[in-house]
Amino acid sequence: MTGATTLTSIRPFHDTGDILGPTLKLFFGNLWLITKIVIVIVAPFEVFRILNLENLPDNWQLTVGVILLDHVCKVLIAPALIYALMKVMQTGVAPGISESYRWGFSKLGKLILCAALSLILQALGLALCIIPGIVIYLSLIVAYPIVILENSSVTGALETSRDLTKGHRWNILGALLVLGLVMGVPAGVVEILAFATGGLWPLHVAAAILSDIFEQSLTVLSLVTYLSIRALWSQSTQ
């Protein structure tokens, strides 16, 4: 366990490095666990999506269905992944995939409402202007961990996320930009290889699944940011 990410190793949030470093360490240190949790949900979806890719431009119902399924996959994965990573940080032992999803399913009701409200607020912000949409996204970035880990209502989780992120949003944005650069490279390389080898659909599926796996770095960042700000608030009250 030497050098492993634990709850006590998450530093109080003062700058971008306080969340970016632990996020990368927690993500890559548990990459196999994250991969297993993601593949269970996204593999069938990505096969379906890639095989129907040519039909999407001509079938708006199929397009809407694919978009909704993509969001459903993300909502299903988030609580299981957060549970698994919290267990690793607390005990040093990774839980089983079935255990993680059993626990995660118990949180789905409030999480679905939280995800829906978050998407609506972000869409409204983007419709008004790009900047408000980005600000709303940054304000709500820790809403998932709050609604999953705390006994909070959906609206309470959104309000708490807004309060917790106040004063930290520029640092969170910086971490997001760096994370996007780091995580976008592996999936991009696989996608390029897929086209270079004649566009075989199994390679496109592999690239899509890899992209889904690395996209979970956002969930890890959300969890680390939540824990780091909570550590800061705990420190300030001592």
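No value in this document is a laboratory result; all are computed from the given coordinates. It should be emphasised that the depicted structure is a prediction, and the values quoted were computed from it without experimental measurement. Please note: Cβ atoms are built from the backbone with ideal geometry, for glycine as well, and neighbour counts cover all protein chains shown.
Just a few scattered comments:
- In this rough spin-label picture, where each label sits 7 Å from Cα along the Cβ direction, the Asp163-Ser98 distance is 4.1 nm.
- Considering region 30-158 at the alpha-carbon level, its Rg and Dmax are found to be 16.5, 50 Å.
- Here's the picture: charge each Lys and Arg Cβ at +1 and each Asp and Glu Cβ at -1 in region 19-83, and of Leu76, Leu31, Gly65 the one pushed furthest to the positive end of that dipole is Leu31.
- Whole-Å distance, taken between Cα centres, linking region 82-159 and region 1-50: 15
- Simple spin-label estimate for Leu119 and Phe105 gives 2.2 nm between the two label positions (7 Å along the Cα-to-Cβ direction from each Cα).
- Förster-model FRET efficiency, 30 Å R0, Leu128 and Glu150, C-beta, rounded to 0.05: 0.50
- Computed lengthening from Thr6 to Leu69, 0.36 nm per intervening residue step minus Cα-Cα distance: 19.4 nm
- Relative to the longest principal axis of the Cα atoms of the chain, the long axis of helix 201-215 lies at roughly 10 degrees.
- For the chain, the share of alpha carbon pairs falling in successive 5 Å distance bins from zero is 1, 6, 13, 16, 19, 18, 13, 7, 4, 1, 0, 0, 0 percent.
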